1. Could you please find all residues in the range 203-231 being open to solvent by 30 Å² or more (accessible area, probe 1.4 Å) and in contact with a Gly (Cβ under 8 Å, 6 or more places away or on another chain)?
2. Looking at Ala128, is it crowded, with 20+ Cβ neighbours inside 10 Å, on the phi < 0 side of the Ramachandran plot and touching an Asp or Glu at 6+ places or on another chain (Cβ under 7 Å)?
3. Being buried (at least 22 other Cβ atoms within 10 Å of the Cβ) and either within 30 Å of Ala375 (Cβ to Cβ) or not β-branched (Val, Ile, Thr) (or both) narrows it down to one residue among Tyr294, Tyr338, Tyr345; which is it?
4. Across the range 232-268, which residue is nearest to the ligand (Cβ to nearest atom) among those that are open to solvent by 10 Å² or more (accessible area, probe 1.4 Å) and farther than 16 Å from Val296 by Cα?
5. Among residues belonging to the range 164-186 that are within 16 Å of the ligand (Cβ to nearest atom) and among the β-branched types (Val, Ile, Thr), point out the one that is nearest to Gln227 (Cα to Cα).
6. In the range 1-11, what residues are aliphatic (A, V, I, L, M) and either surrounded by 15 or more Cβ atoms within 10 Å (Cβ to Cβ) or modelled with pLDDT of 95 or more (or both)?
7. Taking only the range 301-317 into account, find how many residues are assigned to a helix (DSSP H, G or I) and more than 23 Å from Ala389 (Cα to Cα).
Amino acid sequence: PMAHINQNFQKLPGGYLFPEIGRRVRAFSAQNPPMPLIRLGIGDVTQPLAPAVVEAMVKASREMGVKETFRGYCEETCCAYDFLRFAIRDSYRERGVEIADDEIFVSDGAKTDCGSIGDIFSSDNVVAVCDPVYPVYVDTSAMAGRAGDFDGEKWTNLVYLPCTAENGFFPSLPAGDRVPDLIYICSPNNPTGAAATKEQLQVWVDYANAHGSVILFDSAYEAFITQPDVPHSIFEVEGARTCAIEFRSFSKSAGFTGTRCAYTVIPKALEREGVSLHALWNRRQGSKFNGVPYVVQRAAEAALSPEGRAQNQSAISYYLNNARVIREGLSAAGLTVYGGVNAPYLWVKTPGGMPSWDFFDLLLKRACVVTTPGAGFGPSGEGYIRITAFGDAAATEEAVRRIVSVLD
Ligand code: PLP
């Protein structure tokens, strides 16, 4: 007798992107680089939590130490306290989107939910992902046996939707005759920094409604949208309530990457095979999840308060200013730069068609700047690098000067 492992894990190419970057950076650091490294690779925030958020956490922590206000398991709807579900519902309402508070599931992360949502779908569903893509959608599809085998470049059973300069980094409807059942769309996009228009999203919502597909819409970077006509939610698009699930997070909007709070919206009108997906997810959460700490839910509530929002807005503006500095500096030096207007990511074309790992190495070794090679996000990412705007402002300016100086 022997326990059998999930063989799908054996097919994963070993998290090649960030470990490989780490390996190259460590090898270079060991040779005493001429300048301190500036890291604009991984997409973590650097600004501290807003004062209003910290104050709420301190107050909630004190409540936990008093018998009368102590909280144990959260017994309320969708593992979330009313105060947070109502605050989230109201934030949607401000953009004219009516979501019922009990359509909102609070969790510890958009990564958690994007990766777990597959639990409620059949393992033979066909999954479509954008190319390049946030790797979580691909890896978790593979773990669930939906991706087939990795052939060194692509997974045999995934439908890849190329996002290139030619289509404005937004996918066209699938060309072949395979109709995807589950369609991951991320806007504003990681890694390309592109944000979809309402018209672009409408095409996919209509397609999903016509074919019975479900759109898994990740709007983790919604807070970075600056252009007024760009939708913040898939539910701003006509017909989305019958075909879409939305994932949101406090990670990038309020600096919660280490605090952990997010939410997923599943409309009650969303059904497949006559079954409510909301009911299935509720059932799944009931068996696999016991909620987000009270202290953190109070912190998230404070992040949505007028004071918290004003404070978070200044961090977002800080990052968007970094994005502008990178975009303008690199464009002036002759590089082609996308993104950075509605997103904290810049998607930069390598000069002279250089492979993305070569450009990554050149910037690491000559400018001592760490970026992310586009090829790591999928075949269509070849020929690009991703630069994040989440760094320190002075370091970002210095990084741009260094990159420009090695281009010549
Ligand atoms: N979705 C996208 C597109 C992301 O880039 C990230 C984080 O990098 C996440 C989700 C993860 O969010 P969370 O911190 O809420 O798990």
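The values are calculated or read from the model by the stated rules, or taken from the named source; none is laboratory data. Given the structure is predicted, the values throughout are model-derived calculations rather than measurements. Quick reminder, even Gly has a Cβ in these numbers, built from the backbone with ideal geometry, and neighbours come from all protein chains shown. We work out accessible area using only protein heavy atoms, side chains counted, and drop any ligands, DNA or RNA first. Shrake-Rupley method; radii C 1.70, N 1.55, O 1.52, S 1.80 Å.
1. Passing the criteria: Asp206, Asn209.
2. no
3. One residue alone meets the criteria, Tyr345.
4. Step by step, filter the range 232-268, then rank; the result is His232.
5. Looking at the filtered set, the residue picked out is Ile185.
6. Passing the criteria: Ala3, Ile5.
7. 4
Let's see how each residue does on (1) polar (S, T, N, Q); (2) over 16 Å from Phe217 (Cβ atoms); (3) within 15 Å of the ligand (Cβ to nearest atom):
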residue	(1), (2), (3)
Cys114	no, no, yes
Asp119	no, yes, no
Val129	no, no, yes
Val138	no, yes, yes
Asp151	no, yes, no
Val159	no, yes, no
Pro162	no, yes, no
Pro188	no, no, yes
